[in-house]
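Undergrad: Please find one structure pasted underneath; my questions will follow.
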Amino acid sequence: MDIRDISTGGVLFKIYLSVGITKLLKGDYRGIGKTDLICCTQDGEVRGYTTSKINIAAINVMEQEQITELFNVKHALMLELQHYESNLKYNISSKNQQVEEFGDTPSGIGIIPANTRLQIGIATDIENKTSPSIEISICTNNSTIIRAVIIFAEGLFSGETLIVHPHKVNVSKLSIPVKAPKDIQYDVHIKV
């Protein structure tokens, strides 16, 4: 027996009976003045089902939202797993190729976790009246190493591009001072 929502037709829950149903009635099964659903089966069993004051439709919507959220998390985790597997395959094939060509390969090449996020901050140094500058701070949320930063800005740099390689080998935070030739608005694009 399926219990369905009258407005949407969606199945709220199912009841499995071992024998067929002979009659469904509405009545005061418990004798307390409230109408219940009464189910009589072929073998004489009588069951009563009371109505609920709980909004089952709202519960179903919440459950559906939770299921959708869990599917989204599953999808993101599957993508991250595929990302790790492809990086591992790349590293193994790359290492084999580089060992043949060059000898040894740096460990961890190509591996960037899927949850890596960049945090970019911009601050001004207006206190320095002789040479005011802007400081661009870049860091990662999970200590992923920054190998290089490329800043594109028309009119801000000669050649419109600034490329910065950190002095230290393993850096996950970097500050870049930038001196603007004019006090005007610039469109800046950053790649890390």
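Coordinate-derived values only; no laboratory data. Computed from a prediction, not measured in an experiment: that's the story for all the values here. Don't worry about glycine lacking a Cβ; one is built from the backbone with ideal geometry, like all the others, and counts go over all protein chains shown.
Undergrad: Give me the number: length gained by fully extending Thr51 to Ile176, i.e. 0.36 nm times residue separation minus the C-alpha to C-alpha distance, one decimal in nm.
TA: Computed gain between Thr51 and Ile176 is 38.3 nm.
Undergrad: Please report the net charge: other residues with Cβ closer than 14 Å to the Cβ of Ala180, K and R +1, D and E -1.
TA: Counting the neighbours of Ala180, the net charge comes to -4.
Undergrad: Work out, step by step, the length gained on full extension between Lys26 and Leu77: first 0.36 nm times the residue separation, then minus their alpha carbon distance; give nm to one decimal.
TA: Length gained between Lys26 and Leu77: 13.4 nm.
Undergrad: Turning to a different aspect of this structure: In region 118-191, if the dipole is taken from +1 on Lys/Arg beta carbons and -1 on Asp/Glu beta carbons about the Cα centre, which of Ile146, Val178, Ile120 is farthest to the positive end?
TA: Most positive-ward Cα: Ile146.
Undergrad: I need the calculated FRET efficiency for the pair Tyr84 and Glu154, taking r as the beta carbon distance and R₀ as 30 Å, to the nearest 0.05.
TA: About 0.20, to the nearest 0.05.
Undergrad: Treat region 2-50 as a sphere of radius equal to its Kirkwood radius over Cα pairs and apply Stokes-Einstein at 25 °C in a medium of 0.890 mPa s; give the translational diffusion coefficient in µm²/s, rounded to a whole number.
TA: Here the translational diffusion coefficient equals 205 µm²/s.
Undergrad: Lys34 versus Gln185, label points 7 Å from Cα toward the beta carbon: distance in nm?
TA: 6.4
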